[in-house]
Amino acid sequence: VSQAGGSSTVDNNPVITSSSGKTNNTVTITAEKNATANVTLENVNINTGGAAISTSGQGNVNIELDGTNTVQSGTNHAGVEKKDNGTLTITDENKDGSLTATGGDRGAGIGGGNGGNGGSGSHITISGGEVTAKGGRWAAGIGGGEDGNGSHITIEGGTVEATGGTSGAGIGGGNNDNNVNNKGEHITIKNGTVTAKGGGGAAGIGGGFAGAGSDITVSGGMVTATGGKDGGAGIGSGYNAGSDSATNIKIKGGNVTAQGGENG
């Protein structure tokens, strides 16, 4: 662990906190292949022009929530920005933590920014805590930034509210602006209370505007999914996503309310 360019020290379970009020300092977590980085956020309040929190590497990043945590990122960045092919897991073992993560324009609340990895946000798990994720314009609440897929997203517990920005899914893909495939796929909800709202033309859970929604499974929990106006499905695809846009959607359990937008 190093702070503000200082020398590195060994800390197997670092706790990151804001010493007083709001800061524009950022948190960067890198987990190398076959390694796990365990980090606790405790009453963190970050507002910055870059990525407030970014995770990268081929390994596993576990973020434990203690207290009230609020992060706001700048343009092209997610509130909690997930890069590379590793995993990101958000937990709340002490049952006392919350996180409000807001992306800047083109950045998801939790997931992909714009550019770099194509805006995609993948391999994200939420297992506890009160988590509020708000996508910036053209980005998902949880999942893809602009032009980005949102895939392999799992919610196992906690209270999760995910709201897409303009044309972004609540949980899933971002807006399609450059004829790319902004899917919301391999999304699993096993437990918890989940509220997902899509932006205009985007699904509550699934594809962003013009994006497909596939391989979506709900097996438990309380789920409310609302598609955005102008053609977003509650669970499925965004507006004008093509003939094969909503495939392999399974509801096996839980209490599910799905409402499409107009023409969705």
Report summary line: Flagged in the stretch 2-24 as open to solvent by 60 Å² or more (accessible area, probe 1.4 Å) and under 21 Å from Gly97 (Cα atoms), in numbering order, are Asn12, Asn13, Val15, Thr17, Ser19, Ser20, Lys22
Query raised in the report: Mind checking whether some residue in the stretch 205-219 is of a type in the set (A, V, I, L, M, F, W, C) and out of contact with any strand residue (DSSP E or B) (no Cβ under 9 Å at 6 or more places or on another chain)?
Result: yes
Query raised in the report: On the given criteria, is Gly67 part of a strand (DSSP E or B) and more than 21 Å from Gly172 (Cα to Cα)?
Result: yes
Report task. Assess whether Glu81 counts as being touching a residue at least 12 places away in the same chain (Cβ under 8 Å) and farther than 23 Å from Gly145 by Cβ. Result -> no
**Report entry** 1 or more residues under 21 Å from Gly107 (Cα atoms) and of a type in the set (S, T, N, Q): qualifying strands (runs of 3 or more DSSP E) within the stretch 17-64
**Finding:** 27-30, 45-47, 53-56
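The values are calculated or read from the model by the stated rules, or taken from the named source; none is laboratory data. Keep in mind that this is a model prediction, so the values were computed, not measured. Using ideal geometry, Cβ is built from the backbone for each residue, glycine included, and neighbour counts are taken over all protein chains shown. Accessible surface areas use protein heavy atoms only, side chains included; no ligands, DNA or RNA. Shrake-Rupley method; radii C 1.70, N 1.55, O 1.52, S 1.80 Å.
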